[in-house]
1. Just for strands (runs of 3 or more DSSP E) wholly inside the range 114-207: which have at least 2 residues that are under 22 Å from residue 267 (Cα atoms) and in contact with a His (Cβ under 9 Å, 6 or more places away or on another chain)?
2. Give the range 289-344 a look and list any residue that's farther than 16 Å from residue 375 by Cα and of a type in the set (A, V, I, L, M, F, W, C), or say none.
3. Would you be able to say whether some residue in the range 356-377 is in contact (Cβ under 8 Å) with a residue 24 or more places away in the chain, of a type in the set (A, V, I, L, M, F, W, C) and in a loop (DSSP other than H, G, I, E, B)?
4. Go through the range 360-388 and report how many residues are hydroxyl-bearing (Ser, Thr, Tyr) and under 21 Å from the mean Cα position of the chain (by Cα).
5. Could you say whether any residue in the range 365-372 is surrounded by fewer than 18 Cβ atoms within 10 Å (Cβ to Cβ) and touching a helix residue (DSSP H, G or I) at 6+ places or on another chain (Cβ under 8 Å)?
6. Could you pull out the residue among 332, 383, 317, 379 that is more than 20 Å from residue 182 (Cβ to Cβ) and out of contact with any Ser or Thr (no Cβ under 7 Å at 6 or more places or on another chain)?
7. Hey, among 94, 83, which residue is of a type outside the set (Val, Ile, Thr) and buried (at least 18 other Cβ atoms within 10 Å of the Cβ)?
8. I'd like to check something: does the range 25-42 contain any residue that is out of contact with any Lys or Arg (no Cβ under 7 Å at 6 or more places or on another chain), among the small types (Gly, Ala, Ser), surrounded by 13 or more Cβ atoms within 10 Å (Cβ to Cβ) and outside the structural domain of residue 252 (by TED's automatic domain parsing)?
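The values are calculated or read from the model by the stated rules, or taken from the named source; none is laboratory data. This one's a predicted model, so the numbers in the text were calculated from it and none came from an experiment. We place every Cβ from the backbone using ideal geometry, glycine too, and count neighbours over all the protein chains shown.
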Amino acid sequence: MNPYFKDLQSYPFEKLKELKAGITPNPDLEPIMLSVGEPKHPAPDFVKETLCEAIDGLANYPSTKGLLELRETIANWVIKRFNLPNSLLDAESNVLPVAGTREALFAFTQTIVDTSDTSKPLVVCPNPCYQIYEGAALLAGAETHYLNCNAEDDFIPDLDAVPDIVWQRCQLLQLCAPGNPTGAILSLAYYKRALELADQYDFVVSNDECYSELYRDEQNPPLGLLDACQQLGRDKFERCIVFHSLSKRSNLPGLRSGFVAGDSELIKYFFRYRTYHGCALSLPVQRASIAAWSDEAHVMENRKLYNQKFNAVGEILDGVLDFNMPSAGFYLWPKTPINDAIFARDLYSQENVTVLPGSFISRKTDQGNPGESRIRLALVPSLSDCIDAAERIKRFTLSL
């Protein structure tokens, strides 16, 4: 067996299952789950229709690189969304379809990490974070170095607090912006500093941008890494790669469709890895993806629905729990007046609401554990269920 399996921690939802074991929640209340970030808004009808119309494509093996039409559609979307010159992003060399960001993030780390040196490689990532970053690093033979995301820093990890010895071993800086679970957005100055460090210490900068389309302000969509590159004169996106998905943007988590884009050299090596990895998108999924990336009306409606929930839940919990209203994403990240795991356990018992303890998605460092005494609330159920859950959380919190 792979010797690095022993280094893997239990997945957050395994820990949550253990936390809830043996508890019978209040039977007078319908269960409401805010723990899992699975979109619940309806999938677009036109995407489902396209998928059905293309179903005969299941008779053909798909290519790893995917249809040129899909890559061109993705390239056009990136160019328009991130204000790139038309000639800057080439569908042939800068874009690769993937089966959602989860598998791509994992596989890309396997492609990048080089264990041939005598020093143990490092993957630097935010804390708290999506656990795939950690697991991908460990199974590739690397160690992880965590950058705490604290409220006093607007939940943005401090790159300049990282010692040289860490950057010297770093092979991959894994960013997530907008952040999960904080919703934090990175500035042009932040990306500039990250790229300066990447050039100085010779590592790759990866940005998980799967929440980039769930922003609050229609006039100010979040800056992306490729947008930052072109503003900084890095027209070839050297050392840079971004990950996008239809899961959150288009409410299509089951379609398992996304893309990576950026540095053509990184794409070339990642494509070679994927020809062996075997995660090509079926032709019906590719056709449905073309339809989804070609439409923005359903995405605007999606943002509107999330904004309604943030406004309603924020009003109910204001003054009850301490939280920042995020600029993007669909999570709230409030502080809890007691231990986060105990809060989540007793909330489930008394109010039949499931939330995720912050310590389940964060790690203890020398600077502390930024997830302790916080919970993650995924505002993915209906507006009425989110309001009901917020009222129950309020009632429970005030009873402490």
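1. Here the list reads 122-127.
2. 290, 291, 292, 293, 297, 299, 300, 305, 312, 316, 328
3. No, the range 356-377 has no match at all.
4. Summing the residues that are hydroxyl-bearing (Ser, Thr, Tyr) and under 21 Å from the mean Cα position of the chain (by Cα) in the range 360-388 gives 1.
5. Looking only at the range 365-372, we keep the residues that are surrounded by fewer than 18 Cβ atoms within 10 Å (Cβ to Cβ), and these are 365-368, 372.
Now narrow it down to the ones that are touching a helix residue (DSSP H, G or I) at 6+ places or on another chain (Cβ under 8 Å): 372.
Yes, the conditions are met somewhere in the range 365-372.
6. 383
7. Among 94, 83, only 94 is of a type outside the set (Val, Ile, Thr) and buried (at least 18 other Cβ atoms within 10 Å of the Cβ).
8. Scanning the range 25-42, I find at least one residue that is out of contact with any Lys or Arg (no Cβ under 7 Å at 6 or more places or on another chain), among the small types (Gly, Ala, Ser), surrounded by 13 or more Cβ atoms within 10 Å (Cβ to Cβ) and outside the structural domain of residue 252 (by TED's automatic domain parsing), so the answer is yes.
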